[in-house]
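K.L.:
Right, I'll just put the structure down here and ask away after.
The values are calculated or read from the model by the stated rules, or taken from the named source; none is laboratory data. These numbers were taken from a predicted model, which means no experiment stands behind them. Backbone-built Cβ (ideal geometry, glycine too); neighbour counts: all protein chains shown. Ligands, DNA and RNA are stripped out before the accessible areas are found, and what is left, the full protein with its side chains, is counted by its heavy atoms. Shrake-Rupley method; radii C 1.70, N 1.55, O 1.52, S 1.80 Å.
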Amino acid sequence: MAQMIPAQRSPLRNVADLRGYAIHATDGLIGTVDDLYFDDETWTIRYFVVDTGGWLSGRKVLVSPLAIGHPDWLRQQLPAALTKSQLEHAPSIDTMKPVSRQQETAYLEHFVYPSYWGGMGLAGMTGYPMGPSAASPLAAETTPHETHKDTASSECHLRSCRAVVGYGVHATDGALGHVADFLVDEDTWAIRYVIVETGHWWAGHQVLVTPAWLTAVNWDARSVSAYVTLQALKDAPPYDAAKQLDRLQEQSIYEHHGRPDYWTTEAHGRLTHHR
């Protein structure tokens, strides 16, 4: 029987490469991407932190992926289906402090967006963020790891991608390295892989770990643990940061580790969800 070739998808994007991208409202430039916030329950990007520059007195604002249309990757631009006035009058959120669910609720109500928490999918009751670029719902994805609480308020679930870079990463049998970047799915804005810069045991290499393989995250200690061995990662198909990671390469990674892939899991969930 012929091997089934997995469906292709849009390329995965490095979070670091998205910093500096211009976000345009329907009536002009909002500013440039300074950071991205993900929620620590599904590891999905929830907001772009945008430096507005001079037009809003240097204030940083949050823009939801729900507003983002099809990116112009060549021009490094992200169109947003909102106006500058909407952002100017949105509830003020201090991006230098943890963002509470209460603040998020006020923000989402201002823009008439659905909440993403409380459902089974990456975007609440569905998987795909139901924004201008979303053509169809994606299905449920299971929570990728155990609950990770720290001294911060339990209702604060947003994490800065910039802040998590540098976290130590531990395999089951030793120190693996540190978080170097993330690969995000431009269709769902889900973080598909954590890019790990390996330490002294394999200097000069980067390896990929998925959020689903994480067993513990200690936000206070800036530490991440993954259920994978050092040798398994060393023997895995190599990751080349200079090349786009295609679906066949992804499949070979999951097959090597003997783990279920996310596209099959999500497709099955979609069928189950819509029964």
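K.L.:
Out of curiosity, is R19 of a type in the set (K, R), closer than 17 Å to F182 by Cβ and open to solvent by 40 Å² or more (accessible area, probe 1.4 Å)?
P.N.:
yes
K.L.:
State whether one or more residues within the stretch 168-175 are at pLDDT 95 or above and over 22 Å from H256 (Cα atoms).
P.N.:
Yes, that holds for at least one residue.
K.L.:
Looking only at the stretch 2-9, decide whether some residue is open to solvent by less than 10 Å² (accessible area, probe 1.4 Å), closer than 23 Å to V194 by Cα and touching a helix residue (DSSP H, G or I) at 6+ places or on another chain (Cβ under 7 Å). Working first, answer last.
P.N.:
Here is the first cut: in the stretch 2-9, the ones open to solvent by less than 10 Å² (accessible area, probe 1.4 Å) are none.
Taking every residue of the stretch 2-9 in turn, none turns out to be open to solvent by less than 10 Å² (accessible area, probe 1.4 Å), closer than 23 Å to V194 by Cα and touching a helix residue (DSSP H, G or I) at 6+ places or on another chain (Cβ under 7 Å).
K.L.:
So is I45 assigned to a strand (DSSP E or B), touching a strand residue (DSSP E or B) at 6+ places or on another chain (Cβ under 9 Å) and touching a residue at least 60 places away in the same chain (Cβ under 8 Å) or not?
P.N.:
Against the criterion (assigned to a strand (DSSP E or B), touching a strand residue (DSSP E or B) at 6+ places or on another chain (Cβ under 9 Å) and touching a residue at least 60 places away in the same chain (Cβ under 8 Å)), I45 qualifies.
K.L.:
Which of the following residues is surrounded by fewer than 15 Cβ atoms within 10 Å (Cβ to Cβ) and of a type outside the set (S, T, Y): D40, D35, D27, D51?
P.N.:
Details: D40 fails: surrounded by fewer than 15 Cβ atoms within 10 Å (Cβ to Cβ); D35 fails: surrounded by fewer than 15 Cβ atoms within 10 Å (Cβ to Cβ); D51 fails: surrounded by fewer than 15 Cβ atoms within 10 Å (Cβ to Cβ).
D27 is the lone residue from the list that is surrounded by fewer than 15 Cβ atoms within 10 Å (Cβ to Cβ) and of a type outside the set (S, T, Y).
K.L.:
Still on this structure: Name the single residue that is nearest to the chain's Cα centre (by Cα) among those in the stretch 186-204 being modelled with pLDDT of 95 or more and under 19 Å from D240 (Cβ atoms).
P.N.:
R192
K.L.:
Related question: Of the residues P79, P91, only one is at negative phi, open to solvent by 10 Å² or more (accessible area, probe 1.4 Å) and free of Cβ contacts under 8 Å to residues at least 40 places away in the same chain; which?
P.N.:
When all the criteria are applied, what remains is P91.
K.L.:
Mind counting the residues in the stretch 171-208 that are surrounded by fewer than 16 Cβ atoms within 10 Å (Cβ to Cβ) and touching a residue at least 40 places away in the same chain (Cβ under 8 Å)?
P.N.:
3
K.L.:
Kindly indicate whether D235 is modelled with pLDDT of 95 or more and either more than 21 Å from Y116 (Cβ to Cβ) or surrounded by 14 or more Cβ atoms within 10 Å (Cβ to Cβ) (or both).
P.N.:
For D235, the condition - modelled with pLDDT of 95 or more and either more than 21 Å from Y116 (Cβ to Cβ) or surrounded by 14 or more Cβ atoms within 10 Å (Cβ to Cβ) (or both) - is met.
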